[in-house]
Structures are given as C-alpha cells and as structure tokens.
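The values are calculated or read from the model by the stated rules, or taken from the named source; none is laboratory data. Because the structure is predicted, anything quoted here is derived from the model rather than measured. Virtual Cβ from ideal backbone geometry, glycine too; neighbours counted across all protein chains shown. These area figures cover heavy atoms from the full protein model, side chains too; ligands, DNA and RNA do not enter into them. Shrake-Rupley method; radii C 1.70, N 1.55, O 1.52, S 1.80 Å.
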Amino acid sequence: MSTEVATASYRSPGHRVTSRRRSFEDALLATSIGVLLFWWFTGGSILNPTNLNWILTAGGDPLQHYTGWQFFRRDSFFQWPLGSNPAYGENLGSSIVFTDSIPLFALLFKPLNAILAPDFQYFGIWILCCFILQAVFAWSILSKFTHDRVLLGLAACFFVLSPSMLWRLYGHEALVGHWLILAAINVFLSRQHKGLGWALLLCIASLIHAYLLAMVASIWLTDIARSVVYRQVAPKRLLGQASAAVILLAFTLWGIGYFFPGSMATEGYGWFRFNLLSFLNPLDVWSVILSEGAARHGEYEGFAYLGAGVLGLILIAIGAYAANREKMAFKPDVVIPLGILAIGFVIYAASNHVAVGPYDLITYDLPGVLNKLTSTFRSSGRFVWPVIYLLQIVLFVVLFRKLSARPARLLLALMLAVQIVDLSNASSMFKARWGETWTTPLKSAFWEQVPDQYRRVAFAFPVSDMAGYGPIELLAARNDMSVNGGVLSRMSADILADVQHDISDSISTGRFREDSLYVFTKDYVWQKALLNARSTDFVGVIDGYRVLAPSWKGCTEACGAARALPWSVPSGVPVDFSVNGQADQYLTEGWSAGEGTGRWTNQNRASLILWLGQAKSNLKVTFRLFALVNSNHPTQRVNVSVNGVPTAQWVLSEGSETKKEFDLDPAILASSQGFAEITLGLPDAVSPKQIGMGDDPRKLGVFVNSVSVSY
C-alpha cells in the first residue's frame with residue numbers, strides 16, 4: 001500500500017494557497033456527503049434538540065444517557081473532577097463517563113445550561129457530527145491515494161454507510177463515533193504534527209467512550225512501535241511526545257471522572273464476541289439482499305456486516321487484481337504494522353471462544369495477567385471495527401490502482417446504489433421507531449407533589465439493572481432531586497452492597513429518611529416496608545410503582561392511590577424462575593439471568609427471600625430443579641438453610657428436572673416477621689468448561705425451574 005502522492009519537492013506560496021483551498025473544498029464536499037446520508041438514513045427528526053420522543057420511546061440505554069446529562073447539567077461547572085455527577089447514583093461513584101452520556105458534548109453544553117431548553121438533548125447533533133466526520137476522515141485517508149474527487153466522494157459514502165456504525169443507533173449513541181478510528185488511521189498515515197495529533201485525539205476519544213479510546217490508543221502504540229523499529233523519529237523526541245500524550249491523557253481521564261471509586265471490571269469476555277462469519281451476517285433488518293444468520297450468545301456486539309455493496313466491491317477488486325497482476329507499490333513500514341495490528345484486533349475480538357457461524361472452532365485459556373484487560377473490555381467483538389475500516393481502505397486502494405477512472409466511477413456508483421438498497425429496511429425501521437410518541441407512565445398528581453416534600457429518591461434496592469425505573473429518575477433530574485442508584489455502565493459491587501445494606505437496615509427498623517421517597521424494586525424488601533411503615537407514612541402503588549412516602553402530606557385517594565397491605569406467597573403457587581417469570585423479585589445473591597425455563601446458580605451459595613406470614617403449622621417448600629452433572633462430575637451437593645438454620649441436605653445426580661422438598665418449622669419465621677431467607681449452599685459448583693460440557697465459564701450448581709410453598 002503506498003501513501004505517496006505525486007507532489008513537487010518545492011512548494012511555492014501559490015501552491016500552498018491552492019493546496020489549502022483544495023483541502024477546504026474537499027472538507028466541504030465530505031461534509032455535504034455526511035449531511036445528505038444522515039438525512040437519508042435518519043429522516044432528520046432526531047436533530048431537533050427538544051425532541052425527546054426518539055430517546056424516551058427507546059427507553060433502556062438512550063434514556064440512561066439522557067438522564068445522566070439531565071443530572072449533570074444542573075451542577076456547578078467548577079467542580080473537580082469536572083465529570084462528577086453526584087446526584088445520579090450518590091455513593092456509587094457516579095460520573096458522566098459511566099452513564100455513556102458523551103462527556104465531550106456534556107462539557108461543551110453545560111456552561112450554556114441557563115439558556116438551554118429544559119428538555120434539551122444533544123444526541124441528535126452528535127449523531128449528525130459523526131456522519132460528517134466519518135465522511136471527512138474517510139476522504140482525508142483516501143485522498144492520499146487518489147485526487148479524483150468523484151472516486152473520493154463515492155468511496156467516502158461506503159464508510160458513512162457502514163452497518164457496524166449505523167447499528168449503534170439502536171441506543172449506543174457514543175459508539176456511533178467510528179470517525180475516531182478513521183482519525184487515528186489518518187494520523188498514522190500522516191507525516192506531520194503527529195505528536196500533537198495523537199495527544200489531541202487520545203484526549204478527545206477519552207471524552208467520548210472508553211472502547212473507542214482503547215482502539216485509538218492501540219493504533220497510537222502501533223505507531224510508536226513502528227517509529228522505533230523503522231527509526232523514523234529520534235528516540236528523545238519520541239519519548240517526549242509519548243510522555244506528553246500520556247500525561248495529558250491521564251489528566252483528562254482524571255478530570256472527566258474515570259477514576260471514581262469502584263471497578264471498571266465486569267464479566268462477559270468470551271460471550272460478547274466476534275464470529276468469524278460476521279462480515280457476511282446481516283442480522284435482523286440489516287440487509288434486503290442477503291438473509292440473516294443466527295447470532296449466538298452476545299455476538300451482536302461483534303456485528304460486522306459489510307453491506308452487499310462492499311461485498312460486491314470485494315469481488316470486483318479480486319477480479320481486477322486477477323486481470324492486472326502488476327505489482328502494487330507499498331510501504332512496509334505502513335502495511336506490516338497495520339497488518340499485525342489488524343490480526344491482533346481479530347484475535348481479541350474473537351475472544352478465547354472462537355466461533356465460525358454456528359460452530360465453536362477453538363477454546364483456550366488466557367494467561368491470568370490478561371484478566372484485567374478482558375474484564376474491563378468484555379465486549380471484545382467491538383474491536384473488529386478498526387479491521388473493517390482497514391479492510392475497506394485496502395479495498396479502495398486496490399480499485400484505485402487496478403481500474404482506470406471511468407470504470408472505477410461506474411462500478412463504485414453501482415455498488416453504492418446496492419449498499420443503499422441493502423440498508424433501506426434498516427433506515428425505514430429507525431425512522432418509524434423515532435417517529436413514535438412517548439408518554440410518561442407517571443400519570444398521577446402524586447408525582448407532581450413529590451418534589452415539594454422530598455429531595456431524593458431512594459430505590460430499594462438500587463441494582464445493576466434498573467429497567468423500567470427511568471421515568472422516576474427523569475422526574476428526579478428535572479426537579480433537582482438526587483437518586484441513590486441508576487443505570488451505570490460500571491459500579492463497585494462492594495459499594496452497591498453497602499448502599500443496599502443501609503437501606504435494608506432502615507426498612508427493617510422503620511427508620512426512614514424524611515427527605516426521601518422510597519421506590520421498591522424487590523418484593524421481599526417491599527414486604528418489609530409494608531410491615532414497618534408508620535401510620536404517618538403513605539405506602540402503596542402509584543401508576544404501577546411501589547412507593548413509601550415518609551410522613552406524606554400530599555394526596556392519596558385523590559391521586560388514585562390506596563394503602564397497600566402485606567401479602568404472602570400463595571399456597572402451592574410456584575415462583576417461576578423462567579426468563580419470563582417473576583423470580584427476580586425474590587432473589588438476592590448467586591443467580592444468573594433467566595434462561596428459557598429457569599435460571600442457574602452461579603456461585604457457591606444462592607439465596608432468595610419469601611414472605612410467608614405468621615404460619616401456624618409446618619410448611620412444605622418444593623424446588624423443581626436439576627443439577628450440573630456428567631460423568632466427570634457425577635453429583636452436586638446442596639445444603640439448604642432457612643434464616644441461617646440448616647434445614648435439608650440433598651445430593652443431586654439428575655441431569656433432568658427433579659422435585660426436592662423440605663418441611664419448614666414456622667418457629668424459624670417468628671423472629672423474622674414471617675420472612676424466610678432460603679439459602680442453597682453449593683460446595684460442588686463448577687463451570688461447564690471445567691467438566692467438558694461446553695465453553696461456559698460460569699460456576700454453576702443447579703438450574704431452578706420453580707419454588708413453591710404449601711401451607
């Protein structure tokens with residue numbers, strides 16, 4: 001691959017003026033391409049800064065991103081770290097980074113808060129900028145290989161219409177910023193101002209998203225290694241540039257709030273992977289021309305479909321190369337480092353559980369030293385994005401070199417039309433989705449009176465998954481209230497446990513904070529609150545949300561609310577552990593998410609809490625479950641205790657559903673106000689991978705289908 005462009009060794013002032021003028025014109029043309037394709041794909045409605053429908057109807061991640069901004073905008077700009085967001089998450093160590101609210105834009109617009117509309121959102125503006133910058137940097141890269149503006153414009157369109165970028169419009173707005181990858185490649189290929197360019201780009205990437213920063217940093221480190229190996233920069237100068245970049249980046253990371261207490265680590269590496277056939281798999285609505293294949297596990301994170309137009313160009317490039325085998329000049333100091341980097345990205349993206357379509361190809365163990373990296377960047381499939389763009393750059397260089405201008409223009413235009421048609425269903429889907437109107441579920445006048453009496457919302461409990469509670473978080477943000485939890489991309493498990501313990505203690509003793517509205521996410525905590533609420537407190541269900549309002553002075557019956565009463569698990573009615581069941585309300589620790597007809601335990605102990613009331617006779621508790629067993633691991637021991645009292649011991653050897661029962665003495669419930677905390681001790685829990693049953697790394701014990709209690 002050659003980066004040489006025919007230029008004179010001496011450039012006159014007139015030539016420099018002409019060059020600057022051409023660069024300006026190229027930037028305008030690329031900008032026009034980005035704007036036009038933005039309007040075609042999105043319809044433009046998301047650009048309205050007061051249009052929240054497309055954010056709020058999506059819920060989930062987009063609502064999290066917007067709510068994080070709403071909390072952040074109201075605090076003083078002159079704080080340190082600049083990105084701290086204490087009202088959202090309180091003790092959980094919240095910053096604008098961990099709500100994925102695009103910190104760069106949050107910092108840009110925060111000083112303007114006084115003149116911005118109350119519902120202002122910048123996410124549509126950000127997405128437009130991403131379309132434009134994607135075109136600008138694609139044009140800049142490819143202009144190193146041709147000056148033909150028609151070819152440059154057509155080729156830039158393919159980068160903007162990259163399905164892997166557009167897929168992030170589902171709800172990961174920050175990750176639409178693929179232009180950062182192109183910008184990093186552009187700096188790598190440049191010869192001037194590289195030290196400043198890298199420092200600036202690394203800091204900007206850190207203000208957008210950690211994954212994009214990791215990709216940019218990888219390209220930067222490759223450039224440093226290239227400079228050392230090929231002796232392109234004096235060692236002292238290179239050390240100075242690298243040190244300055246590291247210092248500026250560290251300061252930026254500190255200032256925006258990456259270093260709040262807690263952990264960036266989490267589970268999922270090997271699950272959110274890149275499948276080696278993902279380049280050909282459109283998934284869902286992403287191709288009119290090709291049929292979609294199945295995505296196993298979390299392979300949607302490695303979505304890398306190229307588009308029918310790009311796939312067509314690959315075939316054309318292969319044919320053109322076969323017809324004209326004249327050697328292409330390339331620079332080893334460019335191709336070799338980028339080739340090695342691309343291989344490294346593919347290896348990491350595919351993870352240590354390499355899959356080809358529906359088949360697992362290779363499974364291997366990683367050295368323990370890599371655990372920090374893989375647990376921080378668990379969605380490894382995303383790291384295939386730079387490979388996509390390097391592949392496209394090579395593709396267009398081949399086409400530019402092997403075809404004359406006129407056929408190249410015609411073929412690129414034809415394949416661009418194919419790419420547009422191929423993505424038309426995706427465009428229609430997004431436009432329809434963004435055209436929906438959102439209405440708040442908070443209908444009662446009760447919610448209008450809440451900010452008059454309370455300064456915070458206390459979720460009982462704040463959990464890692466707060467789906468469904470976004471409208472209440474938004475209510476708090478709009479009324480200068482704080483919340484003790486929220487949807488954060490990372491949080492400390494230890495701090496979360498401390499927060500939950502403090503709330504549990506308040507509820508168990510009836511000592512509720514007078515400045516807080518309590519909203520309940522767990523049934524067993526709700527039952528405790530019902531038992532311990534004071535006569536001056538309102539405790540009931542408002543618009544489907546369970547609330548306790550300490551010393552409530554507002555409306556109740558007039559707001560359509562009634563005081564709730566404790567209730568017990570109905571006799572003989574099973575608590576369903578399936579993916580669509582209600583078990584989440586009762587579970588405390590040691591459980592995976594629901595899978596099909598039930599869920600696995602994933603630690604050496606797992607607990608659930610049921611309120612059974614003041615029973616007067618023995619109760620029979622029935623579990624329907626099966627164990628993780630095979631010839632290499634023939635039994636699973638289960639030690640059952642209730643409220644800390646050993647109650648039963650089971651030895652399971654069945655690999656299919658079985659029924660296990662034990663009798664429960666009501667005396668055990670007397671000191672716990674009728675609550676039964678059932679704990680399963682699982683000393684033989686083991687991962688399927690360890691016993692040759694697949695590649696699942698979780699420590700599993702038993703798969704529970706249901707639990708029921710008979711009075």
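What is the dipole size for the chain, taken about its Cα centre, with +1 at each Lys and Arg Cβ and -1 at each Asp and Glu Cβ, in debye to the nearest 20?
2640 debye
Going by average Cβ neighbours within 10 Å, how do the peptides 349-357, 408-416, 658-666 rank, with the highest at the top?
349-357, 408-416, 658-666
Return the sequence-ordered ³J(HN,Hα) values of region 100-105 in whole Hz as given by the Karplus equation 6.51 cos²θ - 1.76 cosθ + 1.60 applied to θ = phi - 60°, using x for Gly and Pro.
6, 9, 6, x, 4, 6
Kindly express, to the nearest 10 degrees and within the range 0 to 90, the angle between helix 60-74's C-alpha long axis and the longest C-alpha principal axis of the chain.
90 degrees
Convert 4 °C to kelvin, take the viscosity as 1.567 mPa s, use the Kirkwood radius over C-alpha pairs of region 114-266 as Rh, and evaluate the Stokes-Einstein diffusion coefficient in µm²/s, rounded to a whole number.
In µm²/s, the coefficient rounds to 75.
Mind pulling the angle between the C-alpha long axis of helix 332-350 and the longest principal axis of the chain? Nearest 10 degrees, somewhere in 0 to 90.
20 degrees
Using a ≥ b ≥ c from the Cα gyration tensor of region 451-584 (square roots of the eigenvalues), is it rounded, prolate or oblate, where a/c under 1.5 gives rounded and otherwise the larger of a/b and b/c decides, a/b for prolate?
Since a/c stays below 1.5, the shape of region 451-584 is classed as rounded.
Hey, what does the equivalent ellipsoid look like for region 226-351, semi-axes from the Cα gyration tensor as sqrt of 5 times each eigenvalue, largest first, whole Å?
35, 29, 12
What is the diffusion coefficient of region 163-203 in µm²/s, taking the Kirkwood radius over Cα pairs and the Stokes-Einstein relation at 10 °C with a viscosity of 1.306 mPa s?
140 µm²/s
Over region 297-449, consider all pairs of different Cα atoms and compute the Kirkwood hydrodynamic radius from their mean reciprocal separation; express it in Å, one decimal.
In region 297-449 this quantity evaluates to 19.6 Å.
Compute the distribution of all C-alpha to C-alpha distances in region 6-153, in bins of 5 Å from 0, and list the percent of pairs in each, rounded to whole numbers.
Per 5 Å bin, starting at zero, the Cα-Cα P(r) for region 6-153 comes out as 2, 9, 14, 15, 13, 11, 10, 9, 8, 5, 3, 1, 0 percent.
Between region 390-460 and region 190-264, how many Å separate their Cα centres?
Each part's Cα centre sits 29 Å from the other's.
Which value does Rg/Rh take for region 533-603 over its C-alpha atoms, Rh per Kirkwood?
1.13
P(r) for region 633-711, please, calculated from all Cα pair distances in 10 Å bins and given in %.
Taking every Cα pair in region 633-711, the percentages come to 16, 44, 27, 12, 2.
Suppose every K and R has +1 on its Cβ and every D and E has -1 on its Cβ; what is the size of the dipole of region 293-429 about the Cα centre, in Debye to the nearest 20?
Using Cβ point charges on Lys, Arg, Asp and Glu, region 293-429 gives about 500 debye.
Between helix 235-256 and the chain, what is the angle of the helix's C-alpha long axis to the longest principal axis, kept within 0 to 90° and rounded to the nearest 10?
The helix 235-256 is inclined about 40 degrees to the chain.
Could you list the trypsin sites (Lys or Arg not before Pro) in region 539-600 that lie in coil according to DSSP, counting only those with at most 11 other Cβ atoms within 10 Å of their Cβ?
Loop-located and lightly packed - K553.
Within the chain, which cysteines find no other Cys whose Cβ is under 4.7 angstrom from their own?
Among the cysteines of the chain, those whose Cβ sits 4.7 Å or more from every other are C129, C130, C157, C203.
Counting helices only, and only those DSSP H runs with n ≥ 4, report the 222 nm mean residue ellipticity of the chain as the sum of -39,500 (n - 2.57) divided by its residues, in deg cm²/dmol to the nearest 500.
The helix contribution divided over the chain gives -13000 deg cm²/dmol.
Per the Kirkwood treatment, what hydrodynamic radius in Å, one decimal, follows for region 560-654 from the mean inverse distance over all distinct Cα pairs?
The Cα-based Kirkwood calculation yields 15.6 Å.
Ranking request for peptides 118-129, 61-72: highest mean number of other beta-carbon atoms within 10 Å first, then the rest in descending order.
By packing density, highest mean first, the sequence is 61-72, 118-129.
Determine the order of K528, K443, K110 by accessible area, beginning with the largest, at a probe radius of 1.4 Å.
K443, K528, K110
What are the ³J(HN,Hα) couplings of region 217-226, residue after residue, when phi is run through the Karplus curve with 6.51, -1.76, 1.60 and θ = phi - 60°? Round to Hz, x for glycine and proline.
In residue order, the calculated couplings are 5, 5, 5, 4, 5, 5, 5, 4, 4, 4 Hz.
Percent relative contact order of region 26-124, based on C-alpha pairs within less than 8 angstrom and at least six residues apart?
Reported as a whole number, the value is 33 percent.
Assuming a viscosity of 1.567 mPa s and a temperature of 4 °C, what translational diffusion coefficient in µm² per second does Stokes-Einstein assign to the chain, Rh being the Kirkwood radius over Cα pairs?
45 µm²/s
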